[in-house]
């Protein structure tokens, strides 16, 4: 499975949650598959989906899912100790780990070679870390939501992108409708 | 006196309902950070890098809290992309209390290297910038915080060694 197939499969779970989605093709895919006001699409700023999601989870009670990539987590590796040391029971970090920088031409990441992001997260102090196969993402994500415990999911999947249009929505519109969904 | 200024600064943040503060430490700001950590009204999240801190603040803002970041001026070099593509692009407010290292009284030569670029970079980013040099300059802090949340922009408050009374 590639990322877009996983997103299609978990779209019914994501629909009712606050979602912070990683820059580039992941946001384009989610936007094309199931655009929701409760999706915050990152149009720039690689690496900060997990930080934005944690800040949001710590500031209000609704569940927050940050959809991140292995390359983006590697870019902002300092996020994992911050997450571990400031746990929010309503926060799920879903790392779709396809071992490549998908938005820039599928160049390999170190997560696809020797580095295990699940082990890094554990070493950083994250208490609930689940590594799963792409096919199990929906089940693992639902279990994490039901548990009410902060969970880091590392979903191992194949490299590849679906051809989706660029998001042309104005960033202030994305932010405004997202904030309305947060406070609804 | 030093304790008073730290308390005064944090009082102004609390009075303006700032309740989520992320920090990357600087020697000059140690007292403010201690004060922030001690306040029940403020959720203090130390971060490992300033762009990460700005991400946390963006999330907190969208969650309904008023955020602020405390950092050193060297962080301007780290955060330009985040300021442009996240904070400014999505129009989010962010008071940035910044220690302005490399100014008069600075003992570490390398700090001057970023000090000489600090105001130029902030000007290039069109970030409203205030420079606290004399102790009385703190009187404007309350208005600066109000201004930040009025206009939904990042705003820089540079605080130099003369303001802090040397080190």
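The values are calculated or read from the model by the stated rules, or taken from the named source; none is laboratory data. Predicted model only: the values in this text are computed from it and were never measured. Don't worry about glycine lacking a Cβ; one is built from the backbone with ideal geometry, like all the others, and counts go over all protein chains shown.
Numbers for the structure displayed
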read-out	value
Sole residue being in contact (Cβ under 8 Å) with a residue 24 or more places away in the chain, surrounded by 12 or more Cβ atoms within 10 Å (Cβ to Cβ) and touching a strand residue (DSSP E or B) at 6+ places or on another chain (Cβ under 8 Å), chosen from A:125, A:138, A:102	A:102
Residue satisfying all of: in the stretch B:9-57; in contact (Cβ under 8 Å) with a residue 60 or more places away in the chain and farther than 15 Å from residue B:72 by Cβ; nearest to the other protein chains (Cβ to nearest Cβ) among these	B:18
Residue list for the stretch B:83-102, restricted to those being more than 14 Å from every other protein chain (Cβ to nearest Cβ), in a loop (DSSP other than H, G, I, E, B) and in contact with a strand residue (DSSP E or B) (Cβ under 9 Å, 6 or more places away or on another chain)	B:100, B:101
Filtered residue count, the stretch A:32-61, keeping only those that are touching a helix residue (DSSP H, G or I) at 6+ places or on another chain (Cβ under 7 Å), in a loop (DSSP other than H, G, I, E, B) and in contact (Cβ under 8 Å) with a residue 40 or more places away in the chain	4
Residues of the stretch A:57-74 satisfying the condition of being surrounded by fewer than 19 Cβ atoms within 10 Å (Cβ to Cβ) and under 26 Å from residue B:78 (Cβ atoms)	A:74
Among the residues listed as B:159, B:129, the single one being within 13 Å of the chain's Cα centre (by Cα), in contact (Cβ under 8 Å) with a residue 24 or more places away in the chain, more than 25 Å from residue A:54 (Cβ to Cβ) and buried (at least 21 other Cβ atoms within 10 Å of the Cβ)	B:159
Yes/no for residue A:144 being touching a strand residue (DSSP E or B) at 6+ places or on another chain (Cβ under 8 Å), buried (at least 19 other Cβ atoms within 10 Å of the Cβ) and within 14 Å of residue A:71 (Cα to Cα)	no
Test result for residue B:60, within 14 Å of chain A (Cβ to nearest Cβ), under 23 Å from residue B:143 (Cα atoms), buried (at least 24 other Cβ atoms within 10 Å of the Cβ) and more than 15 Å from the chain's Cα centre (by Cα)	yes
Criterion (farther than 23 Å from residue B:13 by Cβ, in a helix (DSSP H, G or I) and touching a helix residue (DSSP H, G or I) at 6+ places or on another chain (Cβ under 8 Å)) met by exactly one of B:121, B:141	B:121
The listed residue being surrounded by 24 or more Cβ atoms within 10 Å (Cβ to Cβ), more than 10 Å from chain A (Cβ to nearest Cβ), assigned to a helix (DSSP H, G or I) and modelled with pLDDT of 95 or more, out of B:76, B:70	B:76
Within the stretch A:90-184, helices (runs of 4 or more DSSP H) holding 2 or more residues that are within 14 Å of chain B (Cβ to nearest Cβ), over 18 Å from residue A:73 (Cβ atoms) and in contact with a helix residue (DSSP H, G or I) (Cβ under 9 Å, 6 or more places away or on another chain)	A:171-183
